[in-house]
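J.: Have a look at this one.
The values are calculated or read from the model by the stated rules, or taken from the named source; none is laboratory data. Predicted, not measured: the structure shown is a model, and the values here were computed from it. All Cβ positions, glycine included, derive from the backbone under ideal geometry; neighbour counts span all protein chains shown.
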Amino acid sequence: MRQFLNERLPLTEFSAHLRKPLPKHINLLFSLGSLAMFLLILQAVTGAFLAFYYSPSPEHAHNAVTYISTEVPFGAFVRGLHHWGASAMVIIVVLHLLRVVLYSSYKAPRELTWIFGVLLLLVVLGFGFTGYLLPWDEKAYWATVVGVEIASTAPGLGDFVAKVMRGGTEIGAVTLSRFYALHTIWLPWLAFGLVGVHLFFVRYYGSSGKPENTPEEMKTGKPFYPDQVFEDVVGMLILFVALAAGALFMPVPLEDVADPTNADYDPRPEWYFLFLFQLLKYFQGPFEILGTFVIPTVGMLLLLFLPFLDRSERTVLWKRPIALTVTSLCVVGIVALTILGGTSKKLETTDVAVQETTQPTEQIQGAATPETEQVDEGEAVFDFQLTEEEIENAVEVEEEQQ
Ligand code: HEM
């Protein structure tokens with residue numbers, strides 16, 4: 001068999017390539033990329049099993065998720081792996097990015113590896129945003145209302161983008177199937193395609209190693225196979241055990257079925273979007289767009305083009321005071337905003353949205369007028385005011401569901 005394959009495929013060259021030595025100074029942080037890849041595969045596998053039972057319609061989605069969590073053998077476990085795996089994915093990808101920044105691995109000639117990495121980060125966040133709606137419970141619905149409203153504030157194309165996301169003027173059946181298609185077809189294809197290109201660049205340029213490697217030491221480390229692969233696999237096993245423990249002992253929450261007329265609901269996104277959510281509270285009125293569009297977009301563009309902005313040839317961290325300061329400030333800022341977002345009081349979105357179904361529309365609109373808005377002292381209000389049409393649509397959806 002081996003001979004058969006050897007005669008037909010360049011296996012000897014491939015094996016020699018895998019056994020090529022890595023740079024001498026490499027530590028456990030160089031396994032983070034492999035862990036991200038492992039998580040992507042784990043998400044694809046667990047998601048494929050969940051898709052056996054899930055149904056992307058407002059009538060069935062919530063029931064399907066309840067059924068998976070309570071009736072399907074190992075359903076709660078697989079759902080738990082998928083849920084905690086998503087959070088782990090964000091953490092691992094961000095740590096991987098930080099490792100790349102701290103060791104200067106984004107600098108020439110690895111600019112393209114970095115750019116494809118940033119695109120992967122966006123895809124990972126896209127998975128989180130689209131997956132959040134799928135259980136069709138209260139938090140899913142209202143977080144998506146906020147997310148789509150944020151998209152609608154983008155200058156020029158905002159309304160169009162929001163309409164495309166919703167598949168119309170309301171969040172309903174079309175939105176759910178769109179998010180499902182994005183989550184299970186479009187984004188996975190994109191993710192695996194981008195990972196393919198990312199890894200091609202990683203192998204093509206070789207590992208950057210730690211900055212203290214001399215040119216000779218770049219070729220005198222342990223081989224990728226079997227040494228580095230062994231360490232990566234141990235890391236994957238440890239990560240899997242941690243996720244399995246999470247899936248067994250921390251059941252994934254499922255709230256009541258989405259109620260588009262529930263004005264009292266306190267919408268909160270998944271934890272990794274909390275910093276953006278908190279940012280919104282500091283910008284109101286004409287400055288709203290700074291929090292919803294300008295700061296996130298400029299931040300993302302700076303990240304994307306980092307290798308072209310920081311062209312210095314210094315690679316050792318303590319000789320890069322600006323990079324170190326900016327990275328530290330960003331990390332501290334994002335962590336602080338996340339904590340504030342998780343602990344602060346309600347973002348006044350639903351207050352101005354929909355009140356009791358029994359209230360006439362005028363009253364609902366009245367609740368949104370500045371005179372009647374209740375603002376706690378020191379608590380900023382981000383005004384997602386629904387239009388009369390949106391409120392009527394929400395009431396119709398509610399009536400259809402009953
Ligand atoms: C799903 C997401 C991702 C996967 C699966 C992934 C996978 C990998 C793997 C396996 C490696 C080689 C091992 C290592 O250096 O850790 C790597 C290297 C690299 N990644 Fe990623 N990555 C992802 C996201 C990112 C992100 C978000 C960035 C930065 C914005 C990034 C930038 C890089 C760079 C520049 C390298 C080369 C590092 C070097 O040569 O030392 N990657 N990635």
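J.: For residues that are among the hydroxyl-bearing types (Ser, Thr, Tyr), surrounded by fewer than 15 Cβ atoms within 10 Å (Cβ to Cβ) and assigned to a helix (DSSP H, G or I), scanning just the range 322-363, find the one that is modelled with the lowest pLDDT.
T.: Thr361
J.: Something else now. Do you know which of the residues in the range 196-234 that are within 8 Å of the ligand (Cβ to nearest atom) and assigned to a loop (DSSP other than H, G, I, E, B) is surrounded by the most Cβ atoms within 10 Å (Cβ to Cβ)?
T.: Ser208
J.: Now a separate question. When residues of the range 43-79 are filtered for being surrounded by fewer than 19 Cβ atoms within 10 Å (Cβ to Cβ) and closer than 21 Å to Val124 by Cα, how many remain?
T.: Total meeting the criteria: 5.
J.: Can I ask one more? What are the pairs, 6+ residues apart or on separate chains, where a residue within the range 82-104 that is within 14 Å of Phe38 (Cβ to Cβ) has its Cβ under 6 Å from a residue that is within 7 Å of the ligand (Cβ to nearest atom) and not aliphatic (A, V, I, L, M)?
T.: From the range 82-104, the pairs are His96/Gly33.
Listed here are the residues, each with its yes/no results for (1) within 11 Å of the ligand (Cβ to nearest atom); (2) part of a helix (DSSP H, G or I); (3) under 21 Å from Gly167 (Cβ atoms).
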residue	(1), (2), (3)
Leu32	yes, yes, no
Met37	yes, yes, no
Ala44	no, yes, no
Tyr53	no, no, no
Pro56	no, no, yes
Tyr67	no, yes, no
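J.: Return only the number of the condition from (1) modelled with pLDDT under 95; (2) over 16 Å from Tyr103 (Cβ atoms) that Leu290 does not satisfy.
T.: Failed condition: (1).
J.: Of everything in the range 104-143, what is within 11 Å of the ligand (Cβ to nearest atom) and under 13 Å from the mean Cα position of the chain (by Cα)? Give them in sequence order.
T.: Val118, Leu119, Leu120, Leu121, Leu122, Val123, Val124, Leu125, Phe127
J.: Moving on to the next point. Ala244 versus (1) in contact with a Leu (Cβ under 8 Å, 6 or more places away or on another chain); (2) within 16 Å of the ligand (Cβ to nearest atom); (3) part of a helix (DSSP H, G or I); (4) not polar (S, T, N, Q): which is the lone unmet condition?
T.: With (1) in contact with a Leu (Cβ under 8 Å, 6 or more places away or on another chain); (2) within 16 Å of the ligand (Cβ to nearest atom); (3) part of a helix (DSSP H, G or I); (4) not polar (S, T, N, Q) applied to Ala244, the lone miss is (2).
J.: Check Phe192 against each of (1) over 22 Å from the mean Cα position of the chain (by Cα); (2) of a type in the set (A, V, I, L, M, F, W, C); (3) within 16 Å of the ligand (Cβ to nearest atom) and name the one condition it does not meet.
T.: (1)
J.: Where the second residue is away from the ligand (no atom under 15 Å from the Cβ) and among the β-branched types (Val, Ile, Thr) and the first is touching a residue at least 60 places away in the same chain (Cβ under 8 Å) and lies in the range 32-52, which pairs have Cβ atoms under 9 Å and are six or more apart or on separate chains?
T.: Gly47/Thr184; Ala51/Thr184
J.: List the pairs whose first member sits in the range 209-226 and is in contact (Cβ under 8 Å) with a residue 40 or more places away in the chain and more than 16 Å from Ser15 (Cβ to Cβ), whose second member is polar (S, T, N, Q) and surrounded by 13 or more Cβ atoms within 10 Å (Cβ to Cβ), and whose Cβ atoms are under 6 Å apart, counting only residues at least 6 apart or on separate chains?
T.: Within 6 Å, the pairs are Pro211/Ser104; Pro211/Thr315.
J.: So, one more: So in the range 69-103, with the set limited to residues that are under 30 Å from Ser177 (Cα atoms) and assigned to a loop (DSSP other than H, G, I, E, B), which one is nearest to the ligand (Cβ to nearest atom)? Steps first, please.
T.: Restricting attention to the range 69-103, the residues satisfying the condition of being under 30 Å from Ser177 (Cα atoms) are 69-94.
Those left that are additionally assigned to a loop (DSSP other than H, G, I, E, B): 71-74.
Working: Glu71: 33, Val72: 28, Pro73: 30, Phe74: 26 Å.
Filtering the range 69-103 for residues that are under 30 Å from Ser177 (Cα atoms) and assigned to a loop (DSSP other than H, G, I, E, B), the one nearest to the ligand (Cβ to nearest atom) comes out as Phe74.
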